[in-house]
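Participant: What follows is a single structure, and I will ask about it in a moment.
None of the figures in this text is laboratory data; all of them are computed from the coordinates on show. Note that the structure is a prediction, hence the values are computed from the model and not measured. Every residue, glycine among them, receives a Cβ derived from its backbone with ideal geometry; neighbour counts consider all protein chains shown.
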Amino acid sequence: MIRLPIYLCHPTHKVGIDWLQFLEFLLAKVVTTKVAIAQIKAQRQKLITVWSAFMNRRTLLNLVGRAGGTAAVLTTLNALGFWNSAATASKRPQLAAGSGEGVKVAILGGGLAGMTAAYELTKAGYTCTVLEARDRAGGRCWTLRGGDTVAEIDSQQTCPFEIAEDLYINPGPARIPHHHTHLLGYCKEFGVPLQVIVNENRGAYFQDDEAFGGQPMMNRRVVNDTRGYIAELLAKAVSKNALDQEISEEDKEQLLKLVKSFGALDKDYLYKGTARSSYKQPRGAGLTPGERYEILPMSELLKSAFWEYKLQFGEGCDQAATMLQPIGGMDQIAKAFERQVGQLIQYNVEVSQIRKTSAGVQIVYTDKTTATPATLEANFAICTFPLSVLKDIDC
Ligand SMILES: Cc1cc2nc3c(=O)[nH]c(=O)nc-3n(C[C@H](O)[C@H](O)[C@H](O)COP(=O)(O)OP(=O)(O)OC[C@H]3O[C@@H](n4cnc5c(N)ncnc54)[C@H](O)[C@@H]3O)c2cc1C
């Protein structure tokens, strides 16, 4: 027998074994391994077949939802690339820490843009000064509550409504679309609680003096009846071959199916009203199937100005669900920023001039409380004034 050196042996063998034994051993291993691999492969294939028959995206999300709730579903959607998770998708300016050491920046305007600039630049070491004409930060991002006074150019108004936590009006911005990821990211970072805002209400009423005798009409009736009429007309045109030059025979068939579904047409492609518009007499149990609203006359719909923008208001990407708002008023966002950068803001100072100098910029402003003019020198200026304001600034 040939003795094999120890190093060729199976690790479990502490001493050498003879050649034949070793070959037998290897053969057995190979056969066992092959069988094992084949079995694993078969099992794997079986699993994939069963899994694919049962698992689709919807099922997966459903299971994730059951296990982890909405947040888990949203995170999964985000991971799969189907949805940009609002608060996590935000990519902020990546300024290296300390990159702004020794650099002065004058920020003109203490609205959200000015405060965001101050926040990010300060983190990178820049020395920022924010000049704000009003006695508050936030600019257009503002909320009014009972007793608040609003100074207009030529007058002053006081809000006469009751003072209560949830009684307020946002005279400027009120809605945050779900894809405004940067702003949502800051809300998350600063702990501003958000809630959903109902931006389009199909149960609300439209009113136009020129149509329906000035009577208000429910949004969902206007929307669905308008769609129904358009769908029926299109179906008629297609059925009478009026669009043969535009669409192929195959597309024609599909288009008819589409308009039927789109406009809630009946089997003859006629619009006879739809439950989508809701019920005049609500549905009940047993013999009370409910009474649908009658269809609104097309001529009145056409006369009204509803279709100019109200009908498609909620379709715009900036207006479509899901829209969010800070709980307690839009100024919660301004206040949150102010908590971060308030110490950098000079309030009640009105900028009148922006000048370039050899070292950077010179800002001329007036301190409104003392009516004294002053200047601020900086290496850079960031101007966040609206253009309608900037046009009157000497620069
Ligand atoms: C009625 C209305 C509704 C809106 N609705 C929405 C909405 O729902 N959702 C949304 O995302 N956006 C909305 N917007 C837009 C949003 O409000 C603005 O895009 C945002 O607030 C602009 O922020 P800003 O910092 O760039 O400007 P501003 O908020 O205008 O800030 C500029 C700052 O400069 C100050 N300033 C002006 N002149 C001088 C001066 N000479 N010297 C010193 N300081 C000065 C002002 O006092 C102000 O604080 C709405 C706007 C309005 C007016």
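Participant: Report, for the chain, the % of DSSP beta bridges that are antiparallel, rounded to 5. Please report the intermediate quantities before stating the final value.
Facilitator: On the way: 30 of 43 bridges.
Antiparallel bridges make up about 70 percent of those DSSP assigns within the chain.
Participant: Please give me the summed charge of the neighbours of Gly139: other residues whose Cβ is under 15 Å from its Cβ, Lys and Arg +1, Asp and Glu -1.
Facilitator: Values: positive: Arg134, Arg136, Arg140, Lys335; negative: Glu132, Asp135, Asp331, Glu338, Glu350.
Neighbourhood net charge equals -1.
Participant: Have a look at the stretch 281-395 and give its Rg and Dmax from the Cα atoms, expressed in angstrom.
Facilitator: 27.2, 86
Participant: Would you kindly derive the ³J(HN,Hα) couplings of the stretch 230-241 from the backbone phi angles with the Karplus curve 6.51 cos²θ - 1.76 cosθ + 1.60 (θ = phi - 60°), listing them in order in whole Hz, with x for Gly and Pro?
Facilitator: Residue by residue, the stretch 230-241 yields 4, 4, 5, 4, 5, 4, 5, 4, 5, 5, 8, 6 Hz.
Participant: A further question on this structure: Which pairs in the list Lys260/Lys303; Lys188/Lys391; Lys368/Lys391; Lys252/Lys280; Lys236/Lys303 are over 30 Å apart, alpha-carbon to alpha-carbon?
Facilitator: Values: Lys260/Lys303 25 Å; Lys188/Lys391 35 Å; Lys368/Lys391 21 Å; Lys252/Lys280 36 Å; Lys236/Lys303 23 Å.
Lys188/Lys391; Lys252/Lys280, as the Cα separations exceed 30 Å there.
Participant: Can you run phi through the Karplus equation (6.51, -1.76, 1.60; θ = phi - 60°) for the stretch 104-112 and list ³J(HN,Hα) in whole Hz, with x for Gly and Pro?
Facilitator: 3J(HN,Hα) across the stretch 104-112, in whole Hz: 9, 10, 9, 10, 9, x, x, x, 5.
Participant: So who's got an amide H within less than 5 Å of the one on Ser352, skipping anything under 5 residues away but keeping other chains? H placed 1.01 Å off N, in plane.
Facilitator: Val364, Tyr365, Thr366
Participant: Same structure, new question: Tell me, Kirkwood radius of the stretch 205-317 from alpha-carbon pair distances, in Å? Could the numbers behind the result be given before it?
Facilitator: Working: mean 1/r = 0.0643 Å⁻¹.
Hydrodynamic radius (Kirkwood, Cα pairs) of the stretch 205-317 is 15.6 Å.
Participant: Mind listing the long-range amide H neighbours of Leu296? Cut-off is under 5 Å, sequence gap 5 or more, other chains count too, H placed in the peptide plane at 1.01 Å from N.
Facilitator: Correct list: empty.
Participant: Moving on. Can you give me the C-alpha center-to-center distance between the stretch 353-379 and the stretch 144-213, rounded to a whole angstrom?
Facilitator: The stretch 353-379 and the stretch 144-213 have Cα centres separated by 35 Å.
Participant: For the chain, build the convex hull from the C-alpha positions and give me its volume per residue in Å³.
Facilitator: Numbers: hull volume 154.8 nm³, N = 395.
So the per-residue hull volume is 392 Å³.
Participant: Extension gain Gln254-Glu377, at 0.36 nm per residue separation less the Cα-Cα distance, in nm? It would help to have the intermediate numbers written out before the result.
Facilitator: Details: separation 123, 0.36 × 123 = 44.28 nm, distance 6.78 nm.
This chain segment gains 37.5 nm when fully extended.
Participant: Take each of the peptides 210-218, 134-142, 352-360, average the number of other beta-carbon atoms within 10 Å over its residues, and list them starting from the highest. Before the final figure, lay out the partial values.
Facilitator: Working: 210-218: 13.9, 134-142: 18.9, 352-360: 12.1.
Ranked by mean Cβ neighbours within 10 Å, highest first: 134-142, 210-218, 352-360.
Participant: Using the Karplus curve 6.51 cos²θ - 1.76 cosθ + 1.60 with θ = phi - 60°, work out ³J(HN,Hα) for each residue of the stretch 253-266 in order, rounded to whole Hz, and write x for Gly and Pro.
Facilitator: Values, residue by residue: 5, 5, 4, 4, 5, 4, 5, 4, 5, 4, x, 6, 7, 7 Hz.
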